Every structure is written in C-alpha cells, then in structure tokens.
Amino acid sequence: MDLEPTLRAIGNQAQQAIESAKTLEQLEEIEVRFLGRKGELAGLMKEMASVSAEDRPKIGAFANEVKMDIEKAMEKKRSSLGSAAINAKLSNEQEDVTELGTRPPEGHLHVVTQAIREFTDIFERAGFQRVRPPEVDWDWYAFESLNMPKEHPARDDWETFFMNALSSEKPREGRMLLTPHTTNGTAHLLKDQKPPIRAISIGKTYRRQIDLTHLPMFHQFDGMYVDKGVNLTHLLGIIEYFVKEFFGPDRKVRIRPYHFRFTEPSFEIDISTDSRMGKNGWLELGGAGMLHPNVIKAAGLDPEEYSGLAFGWGVERTYMMKEGLQLDDIRTLYKNDLRFLQQF
Ligand code: DAH
C-alpha cells in the first residue's frame, strides 16, 4: 500500500485547519486530532505493517517530515494566537489606580531587643562599652573566679545547667555550663582587658526554673567599672544616672545592704514607684556592690591598687517595671503571639 498520498493529504488538512484556527482552544483540538495518541497520523502509522520492507524507511522518513511540519505550524500559530489573546486582554482591561493596595505585614524588633538597645544606649552615653558574655562558659568565669565557692547553692546540679565537659588543657576552668548570670562577662573582661575597664555585659542567661515568674532562659545585664580609685560614690552615681534616664527624672533610688559573693559591700537597689502604679512604694531593681578583693585578685590585679564597682539585673523584669506591666505569665514574652508582641 502506498501511504504517501494519504500522508500528504493529512499534512495538508492539518495545515489548513491550523491556518483557520481562531482560538488557542481550537488549536488544541486540532493538535489532538492530528498528532494525538489516537490521532490521524498515529492511525496511519499502524498501516506501516502493510508497506513493503523496502519502502518502509522512505515512508517512515516522510511521515516524520509531515509530523514535524505540522508541529512547526502549530507552534507558530500558538504564539501568534497567544499574543493576540494577551493584547485583547490588555485593551479590554482597565486598571483602577485609585483602588487601595494590600500592605504586606510589617514586623518590628522584639520587645526584649528593644529594651537591650535602650539600656545599651544609656550606658554608652556614660562611656560603657557593650560586650556579649559567652552563654556557654566554664565554671571559672561563672563561679570560681567570682569568689563563689564549690558549696555555693548556685553551683548545685539542680540550679545550673552543667554539661558533661571538662577543659583538659585548662584544668582551672572546671566544668562547662550555661551561664546562670552575666557576671561571667566581668570575669572575662578582667582577664582580657587592662583597667580602666568600663563595660556592660548583656546576654542570655540560663537557670533550671520555669513557672509563671521564671524562665529557663532570660536576659541580664551586668555593669562594671574597674580602675584605680573607683569607689562607692561612683557606683551610686551610675545607678542614679541609669534610673533617671530609663525610668524618668522623678524616680528615686534606695540601696539596702545585701549579700553577694563577688561584691563587698553588696546592696540591693530599689526604685520608687511612680504615680501610675497607684501606691507609693519601692520596687526591687537588682544587685550591686564593690567588687570583692578576691575577684580582683583572681584577675591577677592587686586589690590594694585597683577597685571596681558592679551591678546587675534582669532585662525582662526591668523593662516590665518601666512599662508598669504586670504579666500574669512571664512566658508570654517568648510565645511569639503577635497579639501580645504587636503592642510594643
Ligand atoms: N549576678 C547576680 C544575679 O544573677 C546579680 C548581680 C548582683 C550582679 C550584684 C552584679 C552585682 O554585678 O554586683 O543574681
């Protein structure tokens, strides 16, 4: 059987059909009709069996040519119909430029980051550099060099997160831990820098606690100033400066004797409540004192020559005190609930 005329006829029909197609949908139907798996060309190919072995390669090549021509014409038509469709759409469509757009949601810094920046700013103006103490540290910096002896309650396994690691090269460093306070920053500063040192260590701290008023991770900041002749009036001056800057000029500062291992004397600092808080009273801000001679000694300095002041308190707590914020559950700060966070 000579398939050539039939093939040629199918080719011509297809070309004509493509030529007269008006829409992309029509073009698709034509494609199915001629090139589809059950289309005319495929149907004809079944007849190949009846072609003599000698003619088969020639007919095969011709069939391929017809098919490629159809595909080429199809592609050409498709792109011209496609751009026609776009043009038609463009000329019919009208853009209403007065219609309000949708604003993408805009984030802002977390309230704790804002607080840290505010504290940093206040202390930088007083000549303190901000440092970030290590969160993962050695016992030496968190406890031992701060005059906190082995039997101190904070060094208990139930109080601090200890890790199963000892420093083999530096036996003095002791066990590895997640620092429970940023006072370790002071120990590092004393090792790494020469007085005068005026710095504020702000960072994350970790303790084995979680309930409505405690978090296993929270932030603290620890200020220190070490030099020759640093005394208590410097300490009171800097605390007073901070309180007025951060809480407002009307707030008063009061110190009460207290006990910390790394300071002597030690104090707790209270600030007066403001009228917004209803009652007149005092709120506890944090701890402070003059660095203990043993701490100065552990840093390789002579306590007869150098002295230092120190103070430290919690970032979250202090910020809440300023805002007059009473959180029923302090964990709300870290729950990523936008309804809460968007308020700050
Ligand atoms: N590190 C103490 C704590 O976590 C706070 C503190 C008290 C820091 C007195 C100081 C200080 O620098 O002088 O409870």
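The values are calculated or read from the model by the stated rules, or taken from the named source; none is laboratory data. The model shown is predicted, which means the values in this text are computed figures rather than measured ones. Note that each Cβ is placed from the backbone with ideal geometry, even for glycine, and that neighbours are counted across all protein chains shown.
Selection of the range 288-301 for residues being among the charged types (D, E, K, R) and either closer than 22 Å to GLN209 by Cβ or surrounded by 22 or more Cβ atoms within 10 Å (Cβ to Cβ) (or both) yields an empty set.
Residue by residue, here is whether (1) touching a strand residue (DSSP E or B) at 6+ places or on another chain (Cβ under 7 Å); (2) assigned to a loop (DSSP other than H, G, I, E, B); (3) at pLDDT 95 or above holds:
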residue	(1), (2), (3)
THR233	no, no, yes
ARG256	yes, no, yes
PHE260	yes, yes, yes
PRO265	yes, no, yes
GLU284	yes, no, no
LYS297	no, no, yes
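Would you tally the residues in the range 153-210 being polar (S, T, N, Q) and within 22 Å of HIS234 (Cβ to Cβ)? Number of matching residues: 5.
Applying the selection to the range 27-38, what residues are surrounded by fewer than 17 Cβ atoms within 10 Å (Cβ to Cβ) and touching an Asp or Glu at 6+ places or on another chain (Cβ under 8 Å)? Hits for the range 27-38 are ARG33, LEU35. Is the range 97-106 home to any residue that is assigned to a loop (DSSP other than H, G, I, E, B), of a type in the set (Asp, Glu) and farther than 21 Å from LEU333 by Cβ? Among the residues of the range 97-106, at least one is assigned to a loop (DSSP other than H, G, I, E, B), of a type in the set (Asp, Glu) and farther than 21 Å from LEU333 by Cβ, which makes the answer yes. Condition first: exposed (fewer than 14 other Cβ atoms within 10 Å of the Cβ), free of Cβ contacts under 8 Å to residues at least 24 places away in the same chain and not in a helix (DSSP H, G or I). Can you find one or more residues in the range 41-52 that meet it? Yes, some residue in the range 41-52 is exposed (fewer than 14 other Cβ atoms within 10 Å of the Cβ), free of Cβ contacts under 8 Å to residues at least 24 places away in the same chain and not in a helix (DSSP H, G or I). Taking first residues from the range 159-187 that are in the same structural domain as ARG130 (by TED's automatic domain parsing) and closer than 22 Å to ILE197 by Cβ and partners that are of a type in the set (A, V, I, L, M, F, W, C) and more than 14 Å from the ligand (Cβ to nearest atom), the Cβ contacts under 6 Å between residues at least 6 apart in sequence or on separate chains come to ARG172/TRP140; GLU173/TRP138; GLU173/TRP140.
Criterion first (within 16 Å of the ligand (Cβ to nearest atom), part of a helix (DSSP H, G or I), at pLDDT below 95 and within 30 Å of PRO216 (Cβ to Cβ)) does GLU316 satisfy it? Taking the combined requirement at face value, the residue satisfies it. When GLY11, GLY101 are checked against the criterion of being over 30 Å from LYS322 (Cα atoms) and surrounded by 10 or more Cβ atoms within 10 Å (Cβ to Cβ), a single residue qualifies: GLY11.
Among the residues of the range 236-251, those that are assigned to a helix (DSSP H, G or I) and over 35 Å from the mean Cα position of the chain (by Cα) comprise LEU236, GLY237.
Condition check ((1) buried (at least 17 other Cβ atoms within 10 Å of the Cβ); (2) within 33 Å of the chain's Cα centre (by Cα); (3) under 30 Å from LYS194 (Cβ atoms); (4) free of Cβ contacts under 8 Å to residues at least 24 places away in the same chain) across all residues:
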site: PRO257; (1), (2), (3), (4): no, no, no, yes
site: THR273; (1), (2), (3), (4): yes, no, no, yes
site: ASN280; (1), (2), (3), (4): no, no, no, yes
site: PRO303; (1), (2), (3), (4): no, no, yes, yes
site: VAL315; (1), (2), (3), (4): yes, yes, yes, no
site: LYS322; (1), (2), (3), (4): no, yes, no, no
site: ASP337; (1), (2), (3), (4): no, yes, no, yes
